[in-house]
Amino acid sequence: MSKKVHEIRKLLMEHHDWFKNSIPLIASENITSPAVDEACCCDFSHRYAEGWSGQRVYAGCKYIDQVEDICMDLAKEYFNCIHADVRPVSGVVANLVMYNAFTSDNNGKMCCMSIVRGGHISHGPRFAKSGREIFGTAGTTRGLNIEYLAFDNDEMNLDIDASAKIIREFEPDLVLFGGSVFLFPHPVKELGDVAKEVGASVGYDAAHVAGLIGSGFFQDPLREGADAMTMSTHKTLPGPQHGALVSNREDLIETLRSCAFPALLSNHHLHNVAGLAITLTEMLEFGQKYHKNVIENAKALGAALHERGLKVLMEHKGFTESHQIVVDITDYEKTIGLGGDIEKLLEEANIIINRNLLPYDIAEGRHYQNPGGLRLGTSEVTRLGMGKSEMTDIAEFFENLIIDKKDPKKVKDEVADFRKDFQEIKYCFQTPSKAYEYLKFF
Ligand SMILES: *Cc1c(COP(=O)(O)O)cnc(C)c1O
């Protein structure tokens, strides 16, 4: 075997070994089940199937079409809607489909969450107000002019009255809800009505919260007025890395389809469509229990960290209604450092989290590289079978490292020991054959 191949395989093994012994708390990540992994490794990954199922540009698609049809049907069932496009290859690509469908390509305008308050770079303008070039996707690829909705830092949510005023004045083509720091449901109903007043479409980016929504928690954007909802399929929805777009607007289906293909896609990563189909069967079966526990664990982790003296935002609202919590670590600036430093410290102890801007960071002179906050998510630890008592154990590791300044090497051994009991993936069919049975097709 070539030396390089050997080296790559060794790195993959080391990565797996590391993650098996870690506590994974990145809010945008999750883990796929054995049945999903099996589907994602199938021959579909070698094939092409451009276009809509049944109208492909390639031969050899008869089984691919059937799997994609099943996947679309499962997505329609899970999200209770009449249109599901499972071709976008990621959440960002699904957003591009939405921009194509709902905004003008000539000075189009969009209102959305500000990036520094938890919006996503794919919603961003090409240039910041200051004139600084920032290459946000919406501005760079579609030339959209962006006006941010108003945000209430104390409630960690959109400010309805101030945002309504902005929408009325700016008169956008599209008002987009959703974000990457996302603790509480957005006021889609209230501001969606204002959007419609000025003739704007309403979009909802459910990249983070798609699983919570599909399982019936959080909020229900398609019934609150969203014309389309985009998502990543690998965050709270524990599927392969892919994207999707769903809608209940019969009159828009043709446009939405064409805005994906031919407008944006050629091949659409067919193996991941197969994996997504399996994921959706799992979530239709286990999602209600899983996502209820994800949210309960997030609240429990927030409370346990708070009890140990860490400043978790939004105590007065029970910390969160989603899979995420946000911690302000600015008290430790003098002793350890800010978000970037604490992220590194935790990583040394095999606790994987990400640093995050707090909504008031920019105003207080901190920036993205070393912000004042941490964002923690409970999707993956819940899928590994952890519950409330493990959230207390995790909070203790944080206390040991950040407050007691215990040696991260020692904590790392304790983390590996703790993780020994959580090596199986839960809320899924325990053998791949059962998953295939459920699909009936295999
Ligand atoms: C993660 C995220 C995306 C990007 O999704 P990908 O699947 O990584 O392309 C889009 N929007 C929001 C709000 C996100 O958090």
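Toward the positive end of the charge dipole of region 127-235, with +1 on the Cβ of Lys and Arg and -1 on the Cβ of Asp and Glu, the farthest Cα among Phe218, Ala228, Thr141 is that of Thr141. For the chain, complete DSSP H runs whose alpha carbons reach 18 Å or more along their own long axis and whose mean Kyte-Doolittle score is -1.0 or higher are 62-79, 270-307. Applying a threshold of 32 Å to the alpha-carbon distances of Lys299/Lys334; Lys292/Lys405; Lys317/Lys344; Lys235/Lys317 flags Lys292/Lys405 as lying beyond it. Peptide packing for 195-201, 57-63 was compared via the average number of neighbouring C-beta atoms within 10 Å per residue; ordered from the highest value, the list is 195-201, 57-63.
Treating cross-link reach as a plain straight distance, find the lysines whose alpha-carbon is under 23 Å from the alpha-carbon of Lys129, omitting any fewer than eight places away in the same chain. Answer for Lys129, where 23 Å is the Cα cut-off: Lys109, Lys165, listed by chain and number.
Report the rotationally averaged projected area of region 135-238 based on its alpha-carbon convex hull, in square nanometres. Dividing the Cα hull surface by four gives the mean projection, 6.8 nm². Rounded to the nearest 500, the 222 nm mean residue ellipticity of the chain from helices alone is -12500 deg cm²/dmol, with -39,500 (n - 2.57) taken per DSSP H run of at least 4 residues. Cut-off under 17 Å on the C-alpha distance; same-chain residues fewer than 8 positions from Lys20 excluded. Which lysines are left, in chain and number order? Straight-line reach from Lys20, under 17 Å: Lys10, Lys409, Lys412, Lys420, Lys426.
Sorted on the mean count of surrounding Cβ atoms within 10 Å across their residues, most packed first, peptides 330-337, 158-165, 139-146 read 139-146, 158-165, 330-337.
Remark: the chain carries a charge dipole of roughly 920 debye about the Cα centre, counting +1 on each Lys and Arg Cβ and -1 on each Asp and Glu Cβ.
Given N residues in region 329-389, what is its alpha carbon radius of gyration divided by 2.2 N^0.38 Å? Normalised by 2.2 N^0.38 Å, the Cα Rg of region 329-389 equals 1.25.
Beta bridges assigned by DSSP with both partners in the chain are antiparallel in approximately 55 percent of cases.
Three principal axis extents describe the C-alpha atoms of region 36-282; from largest down they are 52, 37, 33 Å. Going by a ≥ b ≥ c, the root eigenvalues of the Cα gyration tensor, does region 166-294 fall in the rounded group (a/c under 1.5), the prolate group (a/b larger than b/c) or the oblate group? Since a/c reaches 1.5 but b/c is at least a/b, the shape of region 166-294 is classed as oblate. The spacing between region 250-272 and region 274-315, judged by their C-alpha centroids, is 31 Å. Under a 5 Å amide H cut-off, with hydrogens placed 1.01 Å from N, Asn356 pairs with Gly373, Leu374, Arg375 among residues at least 5 apart or on other chains. The listed peptides 420-430, 125-135, ordered by packing as a protection proxy, come out as 420-430, 125-135 (highest mean of other Cβ atoms within 10 Å first). Kirkwood hydrodynamic radius (Cα pairs, Å) of the chain? With all distinct Cα pairs of the chain included, I get 22.6 Å. Here region 205-223 and region 35-74 have alpha carbon centers that stand 25 Å from each other.
Applied to region 209-226, the Karplus parametrisation 6.51 cos²θ - 1.76 cosθ + 1.60 on θ = phi - 60° returns per-residue 3J(HN,Hα) values of 9, 3, x, 4, 5, x, 7, x, 10, 6, 8, 10, x, 5, 8, 9, x, 6 Hz, with x for Gly and Pro.
Here region 36-282 is treated with +1 on each Lys and Arg Cβ and -1 on each Asp and Glu Cβ, and its dipole about the Cα centre works out to around 600 debye. Start at zero, step by 5 Å, and the Cα-Cα distances of region 245-387 spread as 2, 9, 13, 15, 14, 11, 11, 12, 9, 4, 1, 0 percent across the bins.
Rg/Rh for region 307-417 (Cα atoms only, Rh after Kirkwood) is 0.95.
Laboratory data are not the source of any read-out in this text; all were calculated from the coordinates shown. Quantities reported herein were computed from a predicted structural model and do not represent experimental measurements. Every residue, glycine among them, receives a Cβ derived from its backbone with ideal geometry; neighbour counts consider all protein chains shown.
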